[in-house]
Amino acid sequence: MKTEVLLNVANICHLSKVNGPGLRSVIWVQGCRRNCPGCINPHTHPHKAVKLLDPVELGKQLCQIGQTNGITFSGGEPFEQAKACGILAETVKSRGKTVMVFTGFPFDQIITCPNADVRHFLNYIDLVVAGPYIRELACESRLWQASSNQTVHFLTPNLSRHLPWQDKEVFEINTSGDQLMFTGFPDRQDMEWMKKMLGSTDSIERAQSHERK
């Protein structure tokens, strides 16, 4: 039986080490009205159909990937698709996986939101990094933050024992056919290198993570 609501997905990356604790599947959702200046993912802002996926079926597929500890939502803005994201989160949590979310909304705005879909989504989140990307406050942290105003909140004990990485990978590059995909928390030198790479590569798939919202 198909789910009535579909999730609009910009891209998916499997077995990422830099988008939360352990090995995680990362789902970049399509669509964000916040449009933070300096966002590294402007291609995920337009509200246009990219990949419309059944969140239940997607959740089942993601849970079948060996060694995956859980999923991470990025974007785009996950809470703009709270209903579909909540269904996906519930599906993977019911199979013993964990859920992490990057959002551009401030944390107090999320937890006080009366919307039923937002409340449902929150019930299945273990860890959230909240707050808009502010270019003037950009930082090179190891706390899953891109700007110092962003806050990290463990909503359940499931990931609270995992401290943010120290001296571990914070930037990943993957290839698939003639496409190059990078994600994580690149510092200034990383970005300069990527600019040179982008200038000399014909086919680039930009699937960076949330931190430049």
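The values are calculated or read from the model by the stated rules, or taken from the named source; none is laboratory data. Nothing here was measured: the structure is a model prediction, and the numbers come from that model. Cβ atoms come from the backbone with ideal geometry, glycine included; neighbour counts cover every protein chain shown.
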Quiz item: Cys13: of a type outside the set (Ser, Thr, Tyr), surrounded by 18 or more Cβ atoms within 10 Å (Cβ to Cβ) and in a strand (DSSP E or B), yes or no?
Solution: yes
Quiz item: Which condition number in (1) touching a residue at least 24 places away in the same chain (Cβ under 8 Å); (2) farther than 24 Å from Ile134 by Cβ; (3) over 11 Å from the mean Cα position of the chain (by Cα) is the one that Ser25 fails?
Solution: (3)
Quiz item: In this structure, does Asn8 turn out to be out of contact with any Phe, Trp or Tyr (no Cβ under 9 Å at 6 or more places or on another chain), surrounded by fewer than 23 Cβ atoms within 10 Å (Cβ to Cβ) and free of Cβ contacts under 8 Å to residues at least 40 places away in the same chain?
Solution: no
Quiz item: Of the residues Val92, Val50, Val56, Val101, which single one is in contact (Cβ under 8 Å) with a residue 12 or more places away in the chain, touching a strand residue (DSSP E or B) at 6+ places or on another chain (Cβ under 6 Å) and more than 20 Å from Leu15 (Cβ to Cβ)?
Solution: Val50
Quiz item: For the subset of the stretch 81-96 comprising residues that are buried (at least 20 other Cβ atoms within 10 Å of the Cβ) and out of contact with any helix residue (DSSP H, G or I) (no Cβ under 8 Å at 6 or more places or on another chain), which member is nearest to Leu7 (Cα to Cα)?
Solution: Gln81
Exercise. Of the conditions (1) surrounded by 21 or more Cβ atoms within 10 Å (Cβ to Cβ); (2) under 20 Å from Asn158 (Cβ atoms); (3) touching a Phe, Trp or Tyr at 6+ places or on another chain (Cβ under 8 Å); (4) at pLDDT 95 or above, Gly59 clears all except one; give me its number.
Key: (3)
Exercise. Could you grab me the full set of residues in the stretch 97-128 that are of a type in the set (A, V, I, L, M, F, W, C) and either closer than 21 Å to Cys63 by Cβ or buried (at least 23 other Cβ atoms within 10 Å of the Cβ) (or both)?
Key: Val99, Met100, Val101, Phe102, Phe121, Leu122, Ile125, Leu127, Val128
Exercise. Search the stretch 63-88 for residues that are among the aromatic types (Phe, Trp, Tyr) and pair each with any residue that is surrounded by fewer than 24 Cβ atoms within 10 Å (Cβ to Cβ) when their beta-carbon atoms are under 7 Å apart and the residues are at least 6 apart or on different chains.
Key: Phe79/Phe105; Phe79/Ile110; Phe79/Val118
